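Enquirer: A single structure is presented below for examination.
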Amino acid sequence: MPKLGLTDWFAAGQAIVNGDLYRYGQGARHADRFERRFADMLGVRHALAVNSGTSALVAALSAAGVGPGDEVLVPAYTWMATAAAPVLVGAAPVLVDIDESLTIDPKAIERQITPYTRAIIPVHMINLPCDMDAIMAIARRRNLLVIEDACQAAGVTYKGKHCGAIGDMGAFSFNSFKNMNVGEGGAVATNDSILFARARNYHDLGAPIRGHEDTFNQAAFVGANMRITELHGAILNRQLSKLGPMMARLRVRRRIVADVLTQSGFKLAPHHDEASAASLVVLFDTAEQAADFARNPGVTRLLDSSKHVYTNWEAILARRTAHPKMNPWAWAHREITYEPDACLRTLDILGRACRVTLAQRFPTPVSRVMAHRLARSVRSI
Ligand SMILES: *Cc1c(COP(=O)(O)O)cnc(C)c1O
């Protein structure tokens, strides 16, 4: 979301001046510093920077020991990576409906739990926090792990806590479309030192030769390479400094636009922490009304953000993996399939839901003018 600017350019220059962009190289400090600052902001003990949000989810699931035979609950409205990550560690994703808050429905979670369910991945979509109180209560009662997908919600808070810092682990993305932007990047957050050590081992197969295994007395296992560079670390430090002010601007504009639209009779999607809301979704009675409203500039009907809807996750629906034998669905304890009509409630809600841009780069009066123009664009609601 944020554009890169001059200060990011200077930050990149600082990393280059060192003559080596390797994060474990001599004089390297940017990636380490980012991890410390990001963990402090979130209020968690550990943060691990990785090379993407998908890597963050895979590293988190691997750290938690999720694998073959396990089922992982994911919402039917999210970027496909949330459903792909369990597959990449050998587990099977199980689709769960969202509710009108556009996030995973806790009641629908209960209906999808089987004896094989190991974890829930609630996704804080488009800066909208999930109903974490309800989700954590279910997880505790049913002994399930919670790995928050906060890829679209860095800096978003839920009842005073940061999204991604509430469950057992949190995953973040820093690709070009997210709240912090370094082209590609991600992070894992957790309070659990063992989970952190395992995530760090998974993200860097060379972790043992860096002395990492000594710290938490964990036997090394075979990992991958998801390491971030100093260049990314340096720019992430800049992006992190800009995150707080950006979220503050979004919250102010959200309040202004919400006031104008509700006074004009619009129905806003329920929000799990209205007081700190940083994005806004309008709900209509019919899909046609929503499609009409989405003709306005700055408005998107969520059903048309196609790749985020399960019906468009072709490889998942077909249960197709790179190698036919490395197929988690063959290892599941029961037949798990994905019919296009599996989550009709999700499709119905997304068809009636429109996201309204909050224009955080413009002065606040622009948001007010835009909101009034939007309100006038609909004759009767
Ligand atoms: C972006 C995103 C991811 C994956 O992040 P990448 O950095 O693109 O790998 C995962 N989940 C959600 C909800 C996302 O928006």
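Enquirer: Leaving out ligands and nucleic acids, note down the accessible area per residue over region 6-239 with a 1.4 angstrom probe, in whole Å².
Expert: 36
Enquirer: Additional query: Students often check this: by mean Cβ neighbours within 10 Å, which of 153-163, 216-226 ranks highest, and how do the rest follow?
Expert: Numbers: 153-163: 21.3, 216-226: 13.9.
Result, highest mean first: 153-163, 216-226.
Enquirer: What's the center-to-center distance, using Cα atoms, between region 231-282 and region 1-55 in Å?
Expert: Taking the Cα centre of region 1-55 as reference, the centre of region 231-282 is 24 Å away.
Enquirer: What spacing in nm lies between the two simple spin-label points modelled at residue 32 and residue 259, each 7 Å away from Cα in the Cβ direction?
Expert: 4.8
Enquirer: Something else now. Would you kindly state how much longer the chain becomes between residue 333 and residue 16 on full extension, computed as 0.36 nm times their sequence separation minus their alpha carbon distance, in nm to one decimal?
Expert: Numbers: separation 317, 0.36 × 317 = 114.12 nm, distance 5.07 nm.
Using 0.36 nm per residue and subtracting the Cα-Cα distance, I get 109.0 nm.
Enquirer: Along the Cα→Cβ direction, 7 angstrom out, place labels at residue 107 and residue 220. What is the inter-label distance in nm?
Expert: 5.1
Enquirer: Rank-order 246-259, 171-184 by packing density, defined as the average count of other C-beta atoms within 10 Å over each peptide's residues, highest first.
Expert: Highest-to-lowest ranking by the protection proxy: 171-184, 246-259.
Enquirer: For a protection proxy built on the mean count of beta-carbon atoms within 10 angstrom, sort 344-352, 322-330 highest first, please.
Expert: 344-352, 322-330
Enquirer: Counting only DSSP beta bridges with both residues in the chain, tell me the antiparallel percent, nearest 5.
Expert: Approximately 65 percent, going by the DSSP bridge assignments.
Enquirer: Okay, moving on. Shape of the chain from its Cα gyration tensor (a ≥ b ≥ c, root eigenvalues): rounded if a/c is under 1.5, otherwise prolate when a/b > b/c, or oblate?
Expert: oblate
Enquirer: Among the listed pairs 3/242; 107/161; 267/307, which are separated by more than 19 Å between their Cα atoms?
Expert: 107/161; 267/307
Enquirer: Using only the alpha carbons, work out the radius of gyration and Dmax of region 88-158 in angstrom.
Expert: 11.9, 35
Enquirer: Something else: Could you work out how far the C-alpha centroid of region 285-305 sits from that of region 313-381, in angstrom?
Expert: First find each Cα centre; the distance between them is then 13 Å.
The values are calculated or read from the model by the stated rules, or taken from the named source; none is laboratory data. Quick caveat: nothing in here was measured; it's all calculated off a predicted structure. Positions of Cβ are generated from backbone atoms using ideal geometry, with glycine treated the same way; all protein chains shown enter the neighbour counts. Side chains are part of the model used for accessible areas, which takes the heavy atoms of the whole protein and leaves out ligands, DNA and RNA. Shrake-Rupley method; radii C 1.70, N 1.55, O 1.52, S 1.80 Å.
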